[in-house]
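Asks: The structure follows.
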Amino acid sequence: MMHMQKHLVDWDTKLFNKNVFEVQNNDYFDRAELKDIDNSCYSDGAFMSFIKVSNLDLEKIHYLEELGFNYMESQYEVKKTLTAPYKVSPFSKHCTLQVLDYSDKRTIEYIERIVTTAFDTDRYYLDPKLDKKYSGLRYKNWFLNSLNDQNFSTYYYMSKKQDEIIGFLMVKHESNEIYLALGGISNDFKGFGFYASLLTDYLNYAFSQGFKNIYSSISSHNLEILNIYIYLGFSVVDEKIVMRKIYQ
């Protein structure tokens, strides 16, 4: 019986209009089985496959390299249990945190523009063998799909003075914790500390609503955001390495 399996990633397959697979059950490692999975990806017309492995599993990493997989990024899982609200950010008096009304097409379109232009540290954006446009389109699809999922909510940061949207935060409500899934700042407001303020205001709101367990996944290419989480008291609890192979 095969312990490892490949799974067709629907949204990436639609994005590239070519088959994209994720290799799963990554705690298990057998060279012959992994090679069979790799061959089956090729046989099934894969454009790309990717796998997430522990940063400590050097034997598997080196074997994946032998098979033609290359490093894309490290992913850090960060977590915190909130015990008290944070000190209010100086930006809070100039901005308001608002929940997105899904009937507000204008705001949705503005957040779409942020999503498609703000992420220049994404693994798809940085990969030399992929067109950079796919990074923004990938996140745009994720954001738009979340509008049809009741487990997701999106919040946005509005400038009181300029009546402009500064940034957004998309979150997923899970059984006993909240996943901070996606967030970004408009290019016009980057570099001033607004994301830390947005995040602080949201965490204070979540705490006021009784939510305490918060986690997120941060790319190693996005050290600025990782440092914000560390500053806010989050701890890195896991690290995975993402490796990919392009077949076409």
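Asks: Please arrange 200, 83, 121 by counting, for each residue, the other beta carbons lying within 10 Å of its beta carbon, fewest first.
Replies: Listed from fewest to most nearby Cβ atoms, that is 83, 121, 200.
Asks: From the phi of every residue in the range 208-217, what ³J(HN,Hα) in whole Hz does the Karplus formula 6.51 cos²θ - 1.76 cosθ + 1.60 yield, where θ is phi - 60° and glycine or proline is x?
Replies: 5, 8, x, 8, 10, 8, 10, 8, 7, 10
Asks: Ok, one more. In whole Å, how far is the Cα centre of the range 87-110 from that of the range 111-133?
Replies: 23
Asks: Could I ask something else about it? Please compute the modelled spin-label separation between residue 230 and residue 117, points set 7 Å along Cα→Cβ, answer in nm with one decimal.
Replies: In this crude spin-label approximation the distance works out to 3.1 nm.
Asks: Please work out how much length the chain gains when fully extended from residue 190 to residue 55, using 0.36 nm per residue of separation minus the C-alpha to C-alpha distance, in nm with one decimal. Before the final figure, lay out the partial values.
Replies: Details: separation 135, 0.36 × 135 = 48.60 nm, distance 3.12 nm.
Length difference between fully extended and current span is 45.5 nm.
Asks: Ranking 239, 22 by Cβ neighbours within 10 Å, fewest first, what do you get?
Replies: If I rank by nearby Cβ atoms, fewest first, I get 239, 22.
Asks: For the chain, what is the mean residue ellipticity at 222 nm derived from helices alone (per DSSP H run of n ≥ 4: -39500 (n - 2.57); sum divided by total residues; nearest 500 deg cm²/dmol)?
Replies: On the way: 8 runs with 84 residues, N = 248.
That calculation yields -10000 deg cm²/dmol at 222 nm.
Asks: Starting from 0.36 nm per residue, how many nanometres of slack lie between residue 209 and residue 106 once their C-alpha separation is accounted for?
Replies: Working: separation 103, 0.36 × 103 = 37.08 nm, distance 2.77 nm.
Difference between extended and current length: 34.3 nm.
Asks: Mind putting a number on the dipole of the range 5-68 about its Cα centre? Charges go on the C-beta only, +1 for Lys and Arg and -1 for Asp and Glu, and I need it in Debye to the nearest 20. Could you put the intermediate results ahead of the total?
Replies: Values: 7 positive and 13 negative charges, 49 e Å.
About 240 debye.
Asks: Name the residue from 204, 46, 247 whose Cα lies farthest towards the positive end of the charge dipole of the chain, charges +1 on Cβ of Lys and Arg and -1 on Cβ of Asp and Glu.
Replies: Farthest along the dipole direction, towards plus: 204.
Asks: Okay, moving on. Using the Karplus curve 6.51 cos²θ - 1.76 cosθ + 1.60 with θ = phi - 60°, what ³J(HN,Hα) values do you get for each residue of the range 226-236, in whole Hz, with x for Gly and Pro?
Replies: For the range 226-236, the Karplus curve yields 4, 5, 5, 5, 4, 4, 7, x, 6, 10, 7 Hz.
Asks: Could you tell me the distance between the Cα centroids of the range 184-248 and the range 10-41, to the nearest Å?
Replies: For the range 184-248 versus the range 10-41, the Cα centre distance is 27 Å.
Asks: Treating cross-link reach as a plain straight distance, find the lysines whose alpha-carbon is under 22 Å from the alpha-carbon of residue 133, omitting any fewer than eight places away in the same chain.
Replies: List returned: 14, 18, 190, 245.
Asks: If the chain between residue 131 and residue 86 were fully stretched, how many nm would it gain, using 0.36 nm times the residue separation less the Cα-Cα distance?
Replies: Result for the pair: 12.2 nm of gain on full extension.
Any read-out appearing in this document is the output of simple, stated calculations on the displayed coordinates, not a laboratory observation. Small disclaimer: the values here were computed from a predicted structure and weren't measured. Don't worry about glycine lacking a Cβ; one is built from the backbone with ideal geometry, like all the others, and counts go over all protein chains shown.
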